[in-house]
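Only one structure is covered here, and it is reproduced in the block below.
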Amino acid sequence: MKAENDMLVSVYEEHSHVLTDLYLDLEAAQKALSRQEEYFRSLIEKSQDTIAVLNNDGTIRYESPSYEGLLGFKPEERIGNGILDRIHPDDMSTLSELFAQFLQERGGTVQAEVRAQHKDNTWRWIEAIGSNLLDDPAVTGIVVNMRDITERKEAVEALRESEARYRLLAENVTDVITSTDLNMKPTYMSPSVTGLLGYTVEEAMGRTIEESLTPASRELAVDALAEQLTSDGERRAAGTGPAGVELEFYRKDGSTVWVEATVSFMLNSDGKPEGLVSVLRDITERRRVEKERWNMEQQLRLSGRLAAVGELASGVAHELNNPLTAIQAYSQYLSLKRDLDESSKNDVEIIYAEAQRASSITANLLSFAHRQESAKCPISLNEVIERSLELKASGLTASNIGVVTELERDLPKIMADFQQMQHVFVNIITNAEQAMAAAHGQGTISVKTRALDGKVQALLADDGPGITEDDLGRLFDPFFTTRDVGNGTGLGLSICFGTVQEHGGSIYATSKLGEGTTLTVELPIVPEGQLHRERAESAEAQGK
């Protein structure tokens, strides 16, 4: 027995250092494990997110302390409650189905956004991410990480509502709202583009700036964009709005429409432009009204000048008529004398011819002064123009001038003196003929008529040299002419102006140097009732 004890002591003494090492290693491992457990517990309990552990039936087994900050309850108040407790009724069925499906996915994860009731009875949006660790022996439960996303959801919802509101506005205003990148490629276009340009949204977004704008407007748009790029920051600093530019767009039917475009830059987070937002407004009608007002103002100013000059012209013409009549009579008398030599006879004939020319000028002066009575009746403007072209046919042919007509059928009647209106159009055609013949030795006159806004409109366009802007403003002034001295009195268009105005109409010119000139004559349409009365009175007069 003693021998066995001695042997055990000997073995113990031989291996005691090994047992001591094992003990020390175990103690160190326990301390390390304790430190690690304390570390993770500290992470969980101090985390802003809430950590929960659920049983497989959905009951709560653990809640981290941050749960009180999340929904107002102390963790111990929730232990043993079900996952669906205090969930919003509208979210309950969705969450229940999701949990049931999630139970089958061992090791899987799932994410959900639900509304949960706070202890103060308000509703909070919670983002929950669950991990199915039921098969993990260290957990044997479902770990759920939760955080409050109420502010984020409210911000997203406010943004969605704001976007919906602005989209509603953008898609229901008559103005067109567009956005493009910096290369002018469209990224959005409101449906009102169809009413403005005739294209669908898809068609309009597929068109380039070259296809959309007339050449002149395209250059203007590029210049305006460059100017906007340099001055946008200054404008925003000064609190002023974006600048507007008037552009001419092509419509789907080939016509054009004038648009006021207000453009501003979209800025990225660095404050640098990343795109453009434009508001396009149809200003075709506004431009038409402004043009009519400008024409009316011009005509009123011209009327005042013509009235003063007309009185002077009338007096001068009457004073000149008597001596001119005497000169013509005596020159005719002298030309009949047989004792005149040939040289003297030629001189007398020259005196007579020049006196006749002077008489013609005084006749124009009297006509300019409105001393002739008008014999107005319902007439066709188309017929007046056709007769005027017939009278000028041989002269136009001789000058290599072609004529293109586009006369609207069934054009309403006007109340006018046929001869006086014919004189107006012959004068306009003659001016165009002489301008084109002098500039090119050939040309084309385009004549168009149409009914527009209670008026009959005639447009006579030539492809002659055009008129400068300064001369255009004086075109209807008495005694103004662009011809050389001795090649016109400058009364032709003044007489035309007076004649048209006396008929209640207007006449105006548009021109660009080198691009020809268009004379437009507008005369009021005879009301149907007045036309019937005129016909009845005419028939009655013929019956007598």
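Data for the structure
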read-out: Cα-based convex hull, region 75-185, per residue volume (Å³, whole number); value: 196 Å³
read-out: Within the accessible area of region 402-485 (1.4 Å probe), percent carbon and sulfur; value: 48 percent
read-out: Evaluated over region 384-433, the Cα radius of gyration and Dmax, each in Å; value: 11.8, 34
read-out: Net lengthening on full extension, T214/E502 (0.36 nm per residue, minus Cα-Cα); value: 99.9 nm
read-out: Over 22 Å between alpha carbons, listed pairs K185/K291; K413/K448; K376/K413; value: K185/K291
read-out: FRET E, pair D136, K272, Förster distance 56 Å, beta-carbon r, rounded to 0.05; value: 0.65
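The values are calculated or read from the model by the stated rules, or taken from the named source; none is laboratory data. Quick caveat, the model's predicted, so the values are computed rather than measured. Note that we place each Cβ from the backbone using ideal geometry, even for glycine, and neighbour counts take in every protein chain shown. To get the accessible areas, we keep the full protein, side chains included, count just its heavy atoms, and leave off ligands, DNA and RNA. Shrake-Rupley method; radii C 1.70, N 1.55, O 1.52, S 1.80 Å.
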